[in-house]
Amino acid sequence: MADKEIFTQAEIALLKEGLKRSYKERFEFATRLYKIQKTMAKAVISHKPFISK
């Protein structure tokens with residue numbers, strides 16, 4: 001039993017809900033996540049202090 005993964009009821013519910021989705025819904029969701037990931041990878045954080053000396 002040490003190697004078996006034990007899921008909580010909430011995790012099982014999420015997995016079942018995922019199976020109910022159509023391939024198109026899964027594709028659109030994955031595409032959205034991919035686009036967000038690509039955008040975040042290109043993002044540059046620049047800090048400009050308010051007080052200029």
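Worth pointing out:
- Mean ellipticity per residue at 222 nm, deg cm²/dmol - from DSSP H runs of n ≥ 4 across the chain, formula -39500 (n - 2.57): -20000 deg cm²/dmol
- With R₀ fixed at 35 Å, the C-beta to C-beta distance from F27 to I6 puts the FRET efficiency at about 0.70.
- The charge dipole of the chain, taken about the Cα centre with unit charges on the Cβ atoms of Lys, Arg (+1) and Asp, Glu (-1), comes to about 500 debye, rounded to the nearest 20.
- Labels on offer are (i) 10.5; (ii) 12.2; (iii) 15.4, and the one holding Kirkwood radius over Cα pairs in Å computed from this structure is (iii).
- Placing unit charges on each Cβ (+1 for Lys and Arg, -1 for Asp and Glu) gives the chain a dipole about its Cα centre, and among Q37, A13, P49 the Cα reaching farthest toward its positive end belongs to P49.
- Helix 23-42 vs. the chain, principal-axis angle (Cα, 0 to 90°, nearest 10): 30
- The chain: angle of helix 9-20 to the longest principal axis, Cα-based, in degrees nearest 10: 90
Values in this text are rule-based calculations from the coordinates and carry no lab data. It should be emphasised that the depicted structure is a prediction, and the values quoted were computed from it without experimental measurement. Counting neighbours? That spans all protein chains shown, and the Cβs are built from the backbone with ideal geometry, glycine included.
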